[in-house]
Structures are given as C-alpha cells and as structure tokens.
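Below is one structure; the comments refer to it alone.
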Amino acid sequence: MDSIIQNVAIYALPVIFAITLHEAAHGYVAKHFGDMTAYAQGRVSLNPVRHIDPVGTILLPLLTLWLGGILFGWAKPVPVDFSALRRPKQDMLWVALAGPGANLFMALLWAFVIKLGLALSDTDLARPMVLMGEAGIKINVILMVLNLLPLPPLDGGRIAVSLLPQRLANGFARIEPYGFMILLMLLMTGVLGAIIGPFTAITIQLVALFFGLEAY
C-alpha cells in the first residue's frame, strides 16, 4: 500500500500536466490558425481542471500504474472544427503536432527538474525532484509516441490525413470511428507495448543524453 501511495504522489502532477497540456496545445494552435471553438469554450487554458476527464485522466492512469502496464489515459478532447481553419488540410498538420510537441517540451522540462534535483543532492528535495522528473519524462514520452501512431483519431492519424493525397486521405479518415476500439484491442493484446516500447526507450535515452543524465 505504501508503494502505491508513493507512486501516486510521484506520478500525479506529471500525469495531469502531460495529458491536459497536450490538449491545451491543440486548442492554442487551432486558435492561431483560425478556429476559435476551443477558445470560446475556455479550453485554451493551462488550468488542468478545464481538461480533466475523471475516468481518462485520473481513474485509468491510476489503474494502469497499479497493474504495472503501459501508462494509459486521456483528457477531455479539445474541440477542433477543422473546417474553420484557414487552410483545413494543411493546418490540420500543425494542430495535430501541437499535442506531441507539448509532450516533448514537457519531457525536456522534467529532465531539467532532474538536473536541478541532482544539483541539490544535499537537501530533502533532491530525491522527490529526481523521481518526479523521471516519471515526467517517461509519461510525456509515452504519450508523445502513442499519439504519433498513424491511427485516427490519434494525432498521428490526423497528420497522415493532412499529408496524404485527398483521395487516400478520405479513405484513411474513415477508420476514425473504429480507431479507439482498435487501440484498446492493441493495448489488451500487448501489441501496443511491443510497437511503442522501442521508440519510447530510444526517445528517453536521447532526452537523458541531451541533459547529460545517466540513462534509466
């Protein structure tokens, strides 16, 4: 029980910010390219409360953390009206990239937290900062890699739709109603972990190397 409580304390902030800022980034970039839908609903915000989904942001991450599998979860999706973008097909690419980009940025910030914690090694803050930083890197890299999978409605699917010729893009986009079901099936069968595991490990090592940290 103590270890579970400790894990929750370490992972709580990284999980909440990784998932919610990912969504806020989508809304901000959509606003930049002309779609005010998320802004009008107050979703272009750094306040996690505006993005938390009780099941996807709290319950499911806790459950997967307890079971020891791939950390999995989601926030309330930011509404994006792609037809309201100035150049819908082209601008969709940048709106989709915003979420994974935010996760990469946060992974780098958490690496800096580790670096700072190591510099404060003679204080009581050192170990919590290092542990939370490690959790933050892991969570954000997993979410970034997961969302870059070319499966609608994940960000990677949106990116593929943006880049494919119109005829192929239309056909590929028809997968979207079944995308979440496919993702859950991949998760339950262990295929998802086999796909994203190597990419996650390599990215974590690169982030650690960039900050001169020992890979973990």
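The values are calculated or read from the model by the stated rules, or taken from the named source; none is laboratory data. Quick caveat, the model's predicted, so the values are computed rather than measured. As a convention, Cβ positions derive from the backbone with ideal geometry for all residues, glycine included, and neighbour counts pool all protein chains shown. Heads up: the accessible areas ignore ligands, DNA and RNA and are worked out on the full protein's heavy atoms, side chains in. Shrake-Rupley method; radii C 1.70, N 1.55, O 1.52, S 1.80 Å.
Things to note:
- Rolling a 1.4 Å probe over the protein heavy atoms of the stretch 9-111, with every protein chain left in place, gives an accessible area that is 71 percent carbon and sulfur.
- The chain pair-distance distribution - Cα-Cα, 5 Å bins, rounded %: 1, 7, 13, 18, 19, 17, 12, 7, 3, 1, 1, 0, 0
- Principal-axis analysis of the Cα atoms of the chain puts helix 191-210 at an angle of about 60° to the longest axis.
- Helix 88-119 vs. the chain, principal-axis angle (Cα, 0 to 90°, nearest 10): 0
- Per residue, the chain exposes 54 Å² of solvent-accessible protein surface, assessed with a 1.4 angstrom probe and all protein chains in place.
- Relative compactness, the stretch 1-60, computed as alpha-carbon Rg over 2.2 N^0.38 Å: 1.36
- Under 16 Å from the L108 label point (7 Å along Cα→beta-carbon), backbone N, the stretch 177-213: 203-213
- Heavy-atom surface analysis with a 1.4 Å probe gives the stretch 117-162 a carbon and sulfur content of 64 percent of its accessible area.
- Qualifying trypsin sites (Lys or Arg not before Pro) for the stretch 44-126 [loop in DSSP, other Cβ within 10 Å: at most 15]: R86
- Local net charge near G157, Cβ-Cβ under 13 Å (Lys/Arg +1, Asp/Glu -1): 0
- Computed over the stretch 39-167, the convex hull of the alpha-carbon atoms projects to a mean area of 9.7 nm².
- The C-alpha atoms of the chain define a longest principal axis, and helix 176-189 lies at about 30 degrees to it.
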